[in-house]
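The numbers here are math on the coordinates, done by the rules we state, and not lab data. This one's a predicted model, so the numbers in the text were calculated from it and none came from an experiment. Here the Cβ positions follow ideal geometry from the backbone for every residue, glycine too, while neighbour counts run over all protein chains shown.
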């Protein structure tokens, strides 16, 4: 028994050491949509899976509510939203990074007029006013949803999680992406990458079909209609050869070639129209004089019913819409046909084809090359959507993808790939720029200042990618702007939804000083180079700006240079690498990839081009002789940093002060919520404890283990607490409930302890009796393995006598202790505790284990034996002992197999002891 306990403890400790080592390995993904939130997890021992919420569902409504100092999420928040629409917030994703006059904000206010939306005076964005003192920005509300998402993930992975990959609509611009990153930062999450939702879907589709790809590209269109928007993406799948690890690998790759979208085409618009249609139907019934459109609660009820009806009508031709007590205690029930809903949304169905056409146009491909059109998103379940889409593409639609979870599963695969704790099969993705970015600056000409535009990242340029823009005509401080290029490929409505096309202004200082410092006859300026990068998240950044100068140095000058100059030149070459080779200088500013390499012809001393590679051998020899006499000068590259300052021209991100204020607001909210949960837990615990005690006081074993006086005292305490709970104690805090619980626990502790002792003692004595019998049997065998037996002198007489004494003493102690306990009344203090029995068993088990270990390690003595047969000698043979082996007690040794070596057995004994 004791050995089993020790064995269990060893396993438990080993497990928790392993868990502590991998506790930081788990990662998650969050597919945060306008209507639903799905969370993916991957952790050691848990493959890619969707985390369940507290209702054990795989997706959660992206809604949160505030009511009576209580914050709720998901289904609970939706229920609050039906009764108190103003206090439940949903469909927040499209409000990130928007000014209050943005078209999508105005559309949101029209759809949900009961929200009190005010302007943030500092940033010009929106705030949801909850009451006179509290208001929340979309970033703060989404941060709270991400905290809840992490809670779901941690419950599924059984360990803390800090790293994640977030999906983001592909049409999100720079401001919207940065706003989502700040929301994640407020939630305490480290974002490994923002991944476009359609790219995550492409990964999920490709990883299970990667073995079917080859060098020939396969083209697939993913058509995703969600709650608020519709996106079509054309992606190519093929295998490519890479040499990233020093050897050639053939890996699958998904490349985004074309994208089309409609930000206002989705299931939400259908639901809104159906809600308004039902409201009109109710008004026509004239059940009440009140216009239902003026009652926010009634409209919220109809909105929920419209969502249910839309889902049902996707599978049925007709269904009843019904709401109890809709308005003025009047019920509402009316039959609705699918045809009616389709007539309401006819203009929406006409727009179904537009994203596909736009995706094909931006990819410069035709529908003929596309092998499959795959449906994604809940909106594609509407039969009319499928009908119009199938007509547009002229083929059957593929439904072989989980429309709800594809993005979350693709994103969690990416999270596992980006984390350091997992190794997954490599799957390369190349995303594409949806909004082209350009650089604009002013340049002096004969006709005055002229604005120059240079495209930095063009439409559908792949990213991540780095680029350099070179300014050749500036000799003093100047500035340039970064903004979106022409968006004429988009409909006018979508251009207005992009928001401000101006992103940032960069002011460069110290240009003149840098040029003056690096001027001379042997120095040639290669321009001021600004290094831009678009990372995996689709975010643009300016890494650094520098003046690049090429200096011509002769051999004599190189020798005369001091050690510091040589070191500086060496460092420049060392860190410059191949990426620092520059394009040929032109009279106009140029943009090139950062890793572009060009072959420049180096001038000789006469200023003429060097001889080409086709010169004859004689010319080479002559040139070689001249070179020995007059070696060619060397060209070194000098880089001088230029200071740059960014002035954001669009919506400012949360500054340090605002971020700290938002963080404190969320932390205070967490504290209040934890205190509310703590109070509720303490109250429930106290009530349950009182009921449990009263029930136990009626049981015979508790009556026998206590005096009548103690029983009356406990009963009186329970009655007092019960009456207090239903009177003055209903508004008490958590500390008071916990104090009352502790007082009642202290009053009943001795009684519960005595009952437990009387209940567990027979089992403990039975285990001791079994151990004594097995130890006695082992002792009899051990006596036959002492020095008295010359061939099996395993144990000494002292060891055998020690074990014999322990067995006798333990037996005597047991008999005396049992006799004393039997003479004690059950309500009196316990004389023989379970702990005493366990301690005696441990002491006896320790003595037996020592002898068992010695027996396992014992080997027969080597006896020299000589056999003479045809002049052949065999010496030092082992003599085999064939007598009865010594058996160990079953309870004392859980593993009867002998160890492979004495070292392993020593380690085992050390753990057990």
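Mind checking the full-extension length gain between residue 812 and residue 500? Use 0.36 nm per residue of separation minus the Cα-Cα distance, one decimal, nm.
Length gained between residue 812 and residue 500: 103.1 nm.
Just need the relative contact order of segment 267-350 here, percent rounded to a whole number, with Cα pairs under 8 Å and 6+ apart.
The normalised contact order for segment 267-350 reaches 28 percent.
Between residue 212 and residue 539, what FRET efficiency follows from the Cβ-Cβ distance if R0 is 25 Å, with the result rounded to 0.05?
Efficiency, rounded to the nearest 0.05: 0.15.
Quick one: if you stick a label point 7 Å off each Cα along the C-beta vector at residue 247 and residue 854, how many nm between them?
Result for the modelled spin labels: 5.6 nm.
Arranged from highest to lowest average of other beta-carbon atoms within 10 Å per residue, in what order do the peptides 520-530, 699-709 appear?
520-530, 699-709
Under a plain spin-label model, where a point goes 7 Å from the Cα along Cα-to-Cβ, how far apart in nm are residue 657 and residue 722?
Using points 7 Å along Cα→Cβ, the separation is 5.9 nm.
If each of residue 828 and residue 487 carries a label point 7 Å out from its Cα toward its Cβ, how far apart are those two points in nm?
9.0 nm
In whole Å, what is the distance between the alpha-carbon centres of segment 310-331 and segment 694-754?
Here the answer is 51 Å between Cα centres.
Over segment 48-183, what per residue volume does the convex hull of the Cα atoms give, in whole Å³?
Normalising the Cα hull of segment 48-183 by residue number yields 135 Å³.
Using r as the Cβ-Cβ distance of residue 688 and residue 118, and R0 as 60 Å, what FRET efficiency do you calculate, to the nearest 0.05?
Working from the Cβ atoms, E equals 0.85.
For 724, 36, what ranking results if the residue with the fewest other Cβ atoms within 10 Å of its Cβ goes first?
Ascending Cβ contact count within 10 Å gives the list 724, 36.
What is the extension gain from residue 387 to residue 329, computed as 0.36 nm multiplied by their sequence separation minus the C-alpha to C-alpha distance, in nm to one decimal?
Contour length minus Cα-Cα distance gives 16.8 nm.
Shape call for segment 267-350 from the C-alpha gyration tensor, a ≥ b ≥ c root eigenvalues: rounded (a/c under 1.5), prolate (a/b greater than b/c) or oblate?
prolate
Would you mind checking segment 73-98 for residues with the amide N under 17 Å from a putative spin-label position 7 Å along Cα→C-beta of residue 351?
The answer is 94-95.
Relative contact order for segment 217-292: what percent, with Cα pairs under 8 Å and sequence separation of 6 or more?
In percent, rounded to a whole number, it is 28.
Order these by the 10 Å Cβ neighbour count, fewest first: 319, 745.
745, 319
Can you sort 163, 723, 176 from fewest to most other Cβ atoms within 10 Å of each residue's own Cβ?
723, 163, 176
Sort 493-505, 280-292 for me by packing, meaning the mean count of neighbouring Cβ atoms within 10 Å per residue, highest on top.
Ranked from most to least packed, the peptides come out as 493-505, 280-292.
Let me know the whole percent of all Cα-Cα pairs from segment 113-245 that are separated by more than 17 Å.
In whole percent, the share of Cα-Cα pairs in segment 113-245 beyond 17 Å is 72.
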